[in-house]
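The next block holds one structure in the form of structure tokens; read it before the comments.
The values are calculated or read from the model by the stated rules, or taken from the named source; none is laboratory data. Just so it is clear, the model here is predicted, and its values are computed rather than measured. Using ideal geometry, Cβ is built from the backbone for each residue, glycine included, and neighbour counts are taken over all protein chains shown.
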Amino acid sequence: MRRISSNLQHDDIQAALRRQEARTGNLNNQISNHRKIQNLRDDPLAAGHAVRYQSYLARLERFETNGKTAIDRFSFAEGNVNQSLQIMHRVRELALTGAHGTFTPEDMKNIAVEVDQLLQELVQNANVQGPDGSRVFAGTKSFTEPFETVLGDVDGAGNPLIREVRYNGSVQGSELEIDELGFLEAGFPGNQTFWAEQQTLFSEVDASAFIAKTDSSFDVDGIRVPVSAGDNVHSIIAKINDSGAAVKAYLDPVTNGLNMETTDAHQLWLSDSPGGDTLSSLGIIKTNQRPPYNLSPSTKISGGSLFDTVIALRDALMQGDQEAVGSRVLGSLDAGIGNLATRLSDIGSRYERTKATIARLEVQQINTTAAESREADIDFTKAVTDLKMYELAQQATLSTAGKLYSNTLLNYMR
């Protein structure tokens, strides 16, 4: 029930004016910000949706940036791998030339000089730095020089030459998130890209009586393999073969040692986890040493890198051994060229996938922006129309109030 008094008319008009001013001011703020939600209480449901859309849109933008970064890395890596492939084709031409049997030992030494220069260029390509200063082929060790050269004397050479190239990077490549929980490997471990042959490890330690004493684990090419107390060598072999690593393990029928063979061309990378001793107990690796140069002296290994193959070719040419050039070395060169072509194809495939992902992300950003705009943005046409209506109502209210209170002090001065 409302009380009727002399102030009722005045209070009603003042309250109506305040409401109109509030609506006009709020609408002006919405128009100036182009947003219909100024406070969460304006529309709690729409505000919640808008916040989620904005969060998702920010993640999409981050994924797109990561994808473009990956494309830059792929383009740079592809150029270097392609250049290395051209170098290896030239090395193979020189190997075929040296294997003809029509050249004198002096001529073969002259060919070896060019092979040595190509070897140095190949090492330079493998140690290349990207535009951001990181090492392209070092895996996750982005700022470590991946390949270290060891100089020494070579028969027939008058100065020290490269005798060995050692890998100091990691076995795993760096990853970038290019989608929700979707990761893309954007790094390139050098011991995969610049490898020539499948590597085989032969252990001479009898493992037939091996029994794991405690629960532990070990790593094969960066993949963790669990070991349970009581596991024998056959259980270890089964777990390695089921781990997903590109490695096949088997028991040597002669020595009863644990042998491993890679299923593609790369360097085998083995280590015991902290507190574990499975591989060292099997006589495969040394304790307290880091891979890949932690193999036990009793372990034999075959299969080398591109650098080993080119070094073998150079040394054979230096010594005038055309038989070695035309058989073993030429076969290793062909395997290395095949692996480089495979790695080049892999880089191109990742490049195309990333381009497709970026195109999809751009469409998702457009759709998400439209959804967020529908929830939180103002309908400009409707807002301007409502604003004009509010202004007209306010002017009408002021005009009515002015007529109601037309009497002034002068009316009483007679």
Exercise. Name the residues in segment 217-242 that are hydroxyl-bearing (Ser, Thr, Tyr) and touching an Asp or Glu at 6+ places or on another chain (Cβ under 7 Å), would you?
Worked result: 228
For this session: Report whether or not residue 272 is more than 28 Å from residue 125 (Cα to Cα), assigned by TED's automatic domain parsing to the domain that holds residue 204 and surrounded by fewer than 19 Cβ atoms within 10 Å (Cβ to Cβ).
Result: no
Exercise. Mind checking which residues of segment 173-192 are touching an Asp or Glu at 6+ places or on another chain (Cβ under 9 Å) and either assigned to a strand (DSSP E or B) or of a type in the set (Val, Ile, Thr) (or both)?
Worked result: 175, 176, 178, 183, 184, 185
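Taking strands (runs of 3 or more DSSP E) that fall entirely within segment 234-337, which contain at least 2 residues that are polar (S, T, N, Q)? Step through it out loud before you land on a result.
Values: elements: 247-251, 258-262, 270-272, 299-302.
Because the criterion is at least 2 residues that are polar (S, T, N, Q), the strands (runs of 3 or more DSSP E) in segment 234-337 that meet it are 258-262, 299-302.
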Problem set entry | Single residue of segment 369-406 satisfying the filter (surrounded by fewer than 16 Cβ atoms within 10 Å (Cβ to Cβ) and part of a loop (DSSP other than H, G, I, E, B)) that is modelled with the lowest pLDDT | 406
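Residue-by-condition table, conditions (1) among the aromatic types (Phe, Trp, Tyr); (2) in a helix (DSSP H, G or I); (3) over 30 Å from residue 328 (Cα atoms); (4) outside the structural domain of residue 331 (by TED's automatic domain parsing):
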position	(1), (2), (3), (4)
69	no, yes, yes, no
73	no, yes, yes, no
81	no, yes, no, no
89	no, yes, no, no
122	no, yes, no, no
125	no, yes, no, no
133	no, no, yes, no
143	yes, no, yes, no
163	no, no, no, no
Exercise. Only one of (1) in contact with a helix residue (DSSP H, G or I) (Cβ under 9 Å, 6 or more places away or on another chain); (2) under 30 Å from residue 344 (Cβ atoms) is not met by residue 76, so which one is it?
Worked result: (1)
Exercise. Which of (1) under 24 Å from residue 166 (Cα atoms); (2) buried (at least 19 other Cβ atoms within 10 Å of the Cβ) is the odd one out, the single condition residue 225 does not satisfy?
Worked result: (1)
Exercise. Only one residue in 305, 296 is small (Gly, Ala, Ser) and over 17 Å from residue 204 (Cα atoms), so which one is that?
Worked result: 305
Exercise. In segment 174-191, which residues are over 13 Å from residue 59 (Cβ atoms) and in contact with a helix residue (DSSP H, G or I) (Cβ under 7 Å, 6 or more places away or on another chain)?
Worked result: 176, 184, 186, 188, 190
Problem set entry | Criterion (of a type in the set (S, T, N, Q), surrounded by fewer than 22 Cβ atoms within 10 Å (Cβ to Cβ) and not in a loop (DSSP other than H, G, I, E, B)) met by exactly one of 217, 170 | 217
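Quick one: is residue 245 touching an Asp or Glu at 6+ places or on another chain (Cβ under 9 Å) and surrounded by 12 or more Cβ atoms within 10 Å (Cβ to Cβ)?
Values: touching an Asp or Glu at 6+ places or on another chain (Cβ under 9 Å): yes; surrounded by 12 or more Cβ atoms within 10 Å (Cβ to Cβ): yes.
Yes; evaluated as a whole, the condition is true for this residue.
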